[in-house]
Amino acid sequence: MKVLYGFEYRRGVSVIHRIDPRSKMIYVILFTALTVYFVNPLLLLLVLSSSLPIVAISRIGSRWSQSIKGSLFFIAFIFIFNFIGIVWATGSVYDAVISGISMSIRFIALISIFSVFFLTTSPEDLTQSMVQVRIPYDYALTFNMAMRFVPTLSREAQIIMDAQKSRGLEMEKGNLIRRIKNYIPVLIPLIISSFRRAELVADAMESRAFGASKKRTSLYVLALGKRDALFILITVLSFLLLLSLRLVLGIQ
Amino acid sequence: MVNYDEYVNVANMAEAVRGFSRARNLALSAVFAAMTAAGGLISIPFFPVPLTLQTFFVYLSVLTLRRSAALSQIIYLVMGLVGLPVFARGMSGYAVLVGPTGGFLFGFLVGTFCSGFLLDRMKGRRYAGVLSLLLCAVIVFGLGWVWLAYWLNWDFVMALWLGVLPFLPGDAVKAVLALAVGKRIRLS
């Protein structure tokens, strides 16, 4: 699951890393909205390329390209399903190909925008910024924990599967009941290790007095600075520029 | 004299003493959200539809988390919404949530909420687990069916054949599996 690497934060020191998550969220919201609005593949390509300067500045190229490469695998699915759907509905192969290309670029653009956000935002900052936009702390925390668990768990599932296969477990054999039974030696270790992980995290939280005080205060409070103003300005200007391509020039 | 009560959340400590604390609940919800996501990525090739372990984890979350199971599903949906490829076949984003199969995803949320509530109410009674899983499955498939029918221009029969019937045998097995595993899990 290489695409998940694009969502795992590694510490970095670039300007983008130091920008407030809330300003980066503005970028994410505006540009994902554009992916909904645009239909033309070339315009969608422009939206996709909007994340390139950010990737260059924040030097996250290798991990970002890994997540893009990983998402290429899913594009085949999207293309085929879309192709069948459109040919079924309209009977036009040309339309189907064009809309398939659009759908694929839209998917990559979405992955790219979100992975840029998650690669440059530390989980602590993300939680803090979610709390500062008044999302309850419990939900913000659980969300961030889950975000961290997903790559860990899918890696662990893969490791357990490989281990059981090396012990001679044949997973793709037999009838339905047999196949489901084949998954038990994978599921049980996965569930147990996940529960153990949850218990460890809960113990760690409690040993740091989680939930002991009614009012939770923060040592660090995020504040918007000049850097954020500049980032938001560039984001909004390029958003308006792209939007005008459709609104003014009339490209679909 | 310091008013101790202002600084210490007594209700929370009592909960912790009883053994099922808020921290534990949150950590387990996070793990179940992640497991539901990972379950969508593991698929067993089978005719006519590939089986995924997604609903297995949905059922298991009802049995272990009861009323907080819905929280894990909210988190799961939000993760998919922000672009993590956690929905079935590695999909993500708003398009899936409002798309033809979106009903099943919302069904996970509504289903876990209702059946978790039911399980809490029937705690300790016989067949509580079976009944709540049945309710969960009915809600998940019911919502998914109606939603899919809407996408097929209200063709309920077609939606039944495409989205409900092929999945039922697999889901029955997964529910039994979840019951067997759930019985073994005792949260300390």
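Derivation of every value follows stated rules applied to the coordinates shown; laboratory data play no part. What you are looking at is a predicted structure, and each value in this text was computed from that prediction instead of being measured. Here the Cβ positions follow ideal geometry from the backbone for every residue, glycine too, while neighbour counts run over all protein chains shown.
Things to note:
- Within chain A, helices built from complete DSSP H runs that reach 27 Å or longer along their own axis (Cα positions) and carry a mean Kyte-Doolittle hydropathy of 0.5 or higher are A:61-90, A:93-120, A:184-207, A:226-247.
- Computed per residue of the protein assembly as shown from DSSP H runs no shorter than four, each worth -39500 (n - 2.57), the mean residue ellipticity at 222 nm is -23500 deg cm²/dmol.
- For chain A, modelled as a GNM whose springs connect Cα atoms under 10 angstrom apart, the maximal fluctuation among A:Ser213, A:Ser194, A:Ser102 occurs at A:Ser213.
- Taking the number of Cβ atoms within 10 Å of each Cβ as an exposure proxy, the fewest-first ranking of B:Tyr127, A:Tyr183 is B:Tyr127, A:Tyr183.
- Likely footprinting exposure, A:Lys24, B:Lys183, A:Lys165, fewest C-beta neighbours within 10 Å first: B:Lys183, A:Lys165, A:Lys24
- With distances taken between every two different alpha-carbon atoms, the stretch A:106-184 has a Kirkwood hydrodynamic radius of 15.9 Å.
- Separation of the alpha carbons by more than 27 angstrom is noted, of A:Lys69/B:Lys174; A:Lys181/B:Lys183; A:Lys173/B:Lys174, for A:Lys69/B:Lys174.
- Over the protein assembly as shown, the Kirkwood radius and the radius of gyration, each from Cα atoms, give a ratio Rg/Rh of 0.98.
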